[in-house]
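Please read the structure below before turning to the comments.
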Amino acid sequence: MEAKVTGLTAGEPDVRVYVTGGVLLSIEVKTPTGSRSKNQKDRHKKLTDLGFIVITAKAATPEELADEVERIVRSYL
């Protein structure tokens, strides 16, 4: 429901990072036991089929998640 209110498509990844060179990283964040919903799986497949990068990052704490997202972004710099 929130995605529709903000104009996003259901299943859209949580974080978008625009990297130098025109690269868009889309990152879905989850807890270690979290899994993607059907909407997320469908949307992520559509995005990857179009050539976009979609990554699922898992971490137990917000701090670990921030570190993981930073690690992912740095790997594309």
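The values are calculated or read from the model by the stated rules, or taken from the named source; none is laboratory data. No experiment lies behind these values; they were computed from the predicted model shown. Using ideal geometry, Cβ is built from the backbone for each residue, glycine included, and neighbour counts are taken over all protein chains shown. Heavy atoms of the whole protein, side chains included, go into the accessibility calculation; ligands, DNA and RNA do not. Shrake-Rupley method; radii C 1.70, N 1.55, O 1.52, S 1.80 Å.
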Problem set entry | Test: residue in segment 24-39 that is of a type in the set (Asp, Glu), touching a Pro at 6+ places or on another chain (Cβ under 8 Å) and free of Cβ contacts under 8 Å to residues at least 60 places away in the same chain | yes
For this session: Determine whether Thr56 is touching a Leu at 6+ places or on another chain (Cβ under 9 Å) and at negative phi.
Result: no
For this session: Filter the strands (runs of 3 or more DSSP E) completely within the chain down to those with at least 3 residues that are touching a Cys at 6+ places or on another chain (Cβ under 9 Å).
Result: none
Seminar exercise, completed: Subset of segment 35-77, residues closer than 17 Å to Ala10 by Cβ and open to solvent by less than 40 Å² (accessible area, probe 1.4 Å), comes to Gln40, His44, Leu47, Val54
Exercise. Does segment 36-45 contain at least one residue that is of a type in the set (Gly, Ala, Ser) and touching an Asp or Glu at 6+ places or on another chain (Cβ under 9 Å)?
Worked result: no
